[in-house]
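Some notes on the structure that comes next.
The values are calculated or read from the model by the stated rules, or taken from the named source; none is laboratory data. Because the structure is predicted, anything quoted here is derived from the model rather than measured. Cβ atoms come from the backbone with ideal geometry, glycine included; neighbour counts cover every protein chain shown.
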Amino acid sequence: MPPRKIIIDTDPGQDDAVAILLALASPEDIDLLGITAVAGNVPLALTQKNARIVCELAGRPDVKVFAGCDAPMKRKLITAEHVHGKTGLDGPVMEDPTMPLQEQHGVDFIIETLRAEAPGTVTLCPIGPLTNIATAFERAPDIMDRVQEIVLMGGAYFEVGNITPSAEFNIYVDPEAAKIVFSSGAPLTVMPLDVTHKALTTKPRIDAFRSMHSRVGDMVAEWTDFFERFDMEKYGSEGAPLHDPCTIAYLIEPQLFQGRHINVEIETQSDLTLGMTVADWWRVTDRPANAMFMKDIDASGFYALLAARLARL
Ligand code: BDR
Ligand code: CA
């Protein structure tokens, strides 16, 4: 099979950074057409810069990085410096990137690419708030049918929430955008907290990155060390969830994940449960299924894949 054409839509974020590295380390599986940055973990000025830092770290200054939307569709931006630090990529000291930011707006790039490539051949991998994707769908509804698959990190059912008691960060930041994406009719695969909270960075897993004795291995180890503190304190767990790379790992080794094809709706009204992914896991409604909602991951297989691929960089 030829490598899958994808666009990563992202708000780096240390775990976003690892997702980008995994994609760049896997050319036989993934053809990365471009990266679109969105405001999320930190403001857009930082997420677009961080995306370029990561490409340069991977030795790929040729990757096209675009700046997309700087605020959610209808709400004020909520950020997550409390998890990712002031820069979004806190941990090791990183040089400013020298590779250029593309002039085109990220949303226009998404629209143009989906129109230019054959229908059903481009996969979108959103690993931040869904603002760019929903804005593209709203502006150019014709592209929704042309998407091969959307593989996103966001939402939760059994794990409920991480930014509020009932919502996961990416969905909570822009619930209106999430609603548009979840009702787009495009084939949707969701990596919720139910999966990512099982993908924990234990000490031996971080040591595997460090023992690569490469700049990428060292950076990934330092990033994971950094954002671990917060989650270990919060959850009392052995490590922190490495959320976003689950999407890329799914494209490479889908058998690592298990879930159900079910209906998932987004709450956009209630103050208490704003941004909740209301997942009909038990199929108690007759609402039509719109998402492959994952629940389980082979975490050892996932970390083995990550270590094997990142060692190439
Ligand atoms: C998601 O929110 C961000 O902080 C992470 O990068 C991930 O995409 C987890 O809720
Ligand atoms: Ca993210």
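Could you list, in sequence order, the residues of region 1-24 that are in contact with a Gly (Cβ under 7 Å, 6 or more places away or on another chain) and in a strand (DSSP E or B)? Hits for region 1-24 are I7, D9, T10. Candidates are the residues of region 236-279 that are away from ligand 1 (no atom under 15 Å from the Cβ) and assigned to a helix (DSSP H, G or I); the one that is surrounded by the fewest Cβ atoms within 10 Å (Cβ to Cβ) is Q255. More than 13 Å from ligand 1 (Cβ to nearest atom), of a type in the set (A, V, I, L, M, F, W, C) and in contact with a helix residue (DSSP H, G or I) (Cβ under 9 Å, 6 or more places away or on another chain): does that describe L44? So L44 fails the test. For region 25-40, filtered to residues that are touching a Gly at 6+ places or on another chain (Cβ under 7 Å) and part of a strand (DSSP E or B), the residue that is farthest from ligand 1 (Cβ to nearest atom) is T36. Look at region 13-24: where a residue is over 13 Å from M219 (Cα atoms) and more than 8 Å from ligand 1 (Cβ to nearest atom) and a partner is of a type in the set (K, R) and not in a helix (DSSP H, G or I), sitting 6+ places away or on another chain with Cβ atoms under 9 Å, you get L24/R60.
Within region 163-198, the residues that satisfy the criterion of being surrounded by 19 or more Cβ atoms within 10 Å (Cβ to Cβ), more than 19 Å from R75 (Cα to Cα) and not hydrophobic (A, V, I, L, M, F, W, C) are S184, T189, P192, D194, T196, H197. The residues on offer are A23, A80, and the sole one that is within 16 Å of ligand 2 (Cβ to nearest atom) and within 13 Å of the chain's Cα centre (by Cα) is A23.
Looking across F209, F226, one residue alone is crowded, with 21+ Cβ neighbours inside 10 Å and touching a residue at least 12 places away in the same chain (Cβ under 8 Å). It is F209. Looking only at region 108-129, how many residues end up being part of a loop (DSSP other than H, G, I, E, B) and free of Cβ contacts under 8 Å to residues at least 60 places away in the same chain? Total satisfying the criteria: 3.
Take R75 and tell me if it is more than 19 Å from the chain's Cα centre (by Cα), more than 14 Å from ligand 2 (Cβ to nearest atom), closer than 20 Å to I248 by Cα and in contact (Cβ under 8 Å) with a residue 12 or more places away in the chain. Considered against the rule, which asks whether it is more than 19 Å from the chain's Cα centre (by Cα), more than 14 Å from ligand 2 (Cβ to nearest atom), closer than 20 Å to I248 by Cα and in contact (Cβ under 8 Å) with a residue 12 or more places away in the chain, R75 comes out as no. Residues that are over 25 Å from P175 (Cα atoms) and either buried (at least 18 other Cβ atoms within 10 Å of the Cβ) or at pLDDT 95 or above (or both): does region 66-89 have at least one? Taking every residue of region 66-89 in turn, none turns out to be over 25 Å from P175 (Cα atoms) and either buried (at least 18 other Cβ atoms within 10 Å of the Cβ) or at pLDDT 95 or above (or both).
Do we have M212 as of a type in the set (A, V, I, L, M) and in a loop (DSSP other than H, G, I, E, B) here? The answer is yes for M212. For the residues D90, D96, the requirement of being away from ligand 1 (no atom under 16 Å from the Cβ) and among the charged types (D, E, K, R) singles out D96.
Counting only helices (runs of 4 or more DSSP H) that sit completely within region 133-209, those holding 1 or more residues that are away from ligand 2 (no atom under 14 Å from the Cβ) correspond to 175-182, 193-196. Scanning region 135-183 for residues that are touching a Phe, Trp or Tyr at 6+ places or on another chain (Cβ under 8 Å), in contact (Cβ under 8 Å) with a residue 40 or more places away in the chain and of a type in the set (A, V, I, L, M) gives M144, V151, I163, I180, V181.
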